[in-house]
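The values are calculated or read from the model by the stated rules, or taken from the named source; none is laboratory data. What you see is a predicted model; the values in this text were computed from it and never measured. Note that we place each Cβ from the backbone using ideal geometry, even for glycine, and neighbour counts take in every protein chain shown. SASA here: full protein model, heavy atoms, side chains in, ligands and nucleic acids out. Shrake-Rupley method; radii C 1.70, N 1.55, O 1.52, S 1.80 Å.
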Amino acid sequence: MKKILVLLVAIVSFSCSHAQKKSFSKEALSEKLLAIDGSQVAFQDILAKYKGKTLVIEVWALWCSDCVKAMPKIKELQANNPDVAYVFISMDKTPENWKIGIEKHELKGDHFMANDQMKGVFGKAIDLDWIPRYIIIDKTGKIVLYRAIETDFEKINATLKKVTK
């Protein structure tokens, strides 16, 4: 009986830790990210810019092989969803590598970089455990897909179809 109870608690804990959130934490919203022009911008201000639009956020890094493999898929997503806005948040270690990645992969959208990489304040605030990571926010500002990775493009496409009708 004890073993069953421990197993049940473990399953519930794991499922809750991977739940799809509907909004960002205060920590995530207040965290500042580096903009291309060198300024620091609060995540909540980045989101405010896209109020009333569907938004796809990709968290990525130049050093991430899965991120690089997913680049054709994100470009296809952009081509099939031209009315959707795209924000790329880099987890690179230096602004130089981040900017090289943007140019090399011809990423179209707005670009920001976390100041302290994946295990830093912003990464922890969005429960970042893998990149690339995709988050979709609908026109009302509600998160409709909180945790998707490079193998989830069917789910990403289906979610976008649902929210852009």
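Hey, Thr140 hits all of (1) part of a loop (DSSP other than H, G, I, E, B); (2) closer than 21 Å to Trp63 by Cβ; (3) not hydrophobic (A, V, I, L, M, F, W, C) but one; which does it fall short on?
Looking at each condition in turn, Thr140 falls short on (2).
Against the condition among the acidic types (Asp, Glu) and not in a loop (DSSP other than H, G, I, E, B), how does Glu96 come out, does it pass?
For Glu96, the condition - among the acidic types (Asp, Glu) and not in a loop (DSSP other than H, G, I, E, B) - is met.
Please find, within segment 50-72, the residue that is farthest from Ile156 (Cα to Cα) out of those that are free of Cβ contacts under 8 Å to residues at least 40 places away in the same chain and open to solvent by 40 Å² or more (accessible area, probe 1.4 Å).
Trp63
Could you list, ordered by first residue, the pairs with Cβ atoms under 9 Å in which the first is in segment 143-162 and part of a loop (DSSP other than H, G, I, E, B) and the second is buried (at least 18 other Cβ atoms within 10 Å of the Cβ) and of a type in the set (Ser, Thr, Tyr), at least 6 apart or interchain?
Within 9 Å, the pairs are Ile149/Tyr134; Glu150/Tyr134; Asp152/Tyr134.
Looking at (1) open to solvent by 10 Å² or more (accessible area, probe 1.4 Å); (2) at pLDDT 95 or above; (3) among the polar types (S, T, N, Q), can you tell me which one Gln117 breaks?
(2)
Taking only segment 29-44 into account, find how many residues are loosely packed, with under 13 Cβ neighbours inside 10 Å and either of a type in the set (Gly, Ala, Ser) or within 16 Å of the chain's Cα centre (by Cα) (or both).
2
Condition check: among the aromatic types (Phe, Trp, Tyr), out of contact with any helix residue (DSSP H, G or I) (no Cβ under 8 Å at 6 or more places or on another chain) and closer than 20 Å to Lys21 by Cβ. Does Tyr134 satisfy that?
no
So for segment 120-142 (the condition being open to solvent by less than 10 Å² (accessible area, probe 1.4 Å), among the acidic types (Asp, Glu), on the phi < 0 side of the Ramachandran plot and in contact (Cβ under 8 Å) with a residue 24 or more places away in the chain), does at least one residue qualify?
So far as segment 120-142 goes, no, none of its residues is open to solvent by less than 10 Å² (accessible area, probe 1.4 Å), among the acidic types (Asp, Glu), on the phi < 0 side of the Ramachandran plot and in contact (Cβ under 8 Å) with a residue 24 or more places away in the chain.
Run Lys104 past the list (1) over 15 Å from Leu33 (Cβ atoms); (2) surrounded by 14 or more Cβ atoms within 10 Å (Cβ to Cβ) and report the number of the one that doesn't hold.
Among (1) over 15 Å from Leu33 (Cβ atoms); (2) surrounded by 14 or more Cβ atoms within 10 Å (Cβ to Cβ), the lone unmet condition for Lys104 is (2).
Quick one: in segment 148-165, which of the residues that are within 13 Å of Leu77 (Cβ to Cβ) and of a type in the set (Val, Ile, Thr) is farthest from the chain's Cα centre (by Cα)?
Within segment 148-165, the match that is farthest from the chain's Cα centre (by Cα) is Thr164.
Condition first: touching a helix residue (DSSP H, G or I) at 6+ places or on another chain (Cβ under 9 Å) and open to solvent by less than 90 Å² (accessible area, probe 1.4 Å). Now tell me which residues in segment 75-93 satisfy that.
Correct list: Leu77, Asn81, Val84, Ala85, Tyr86, Val87, Phe88, Ile89, Ser90, Met91, Asp92.
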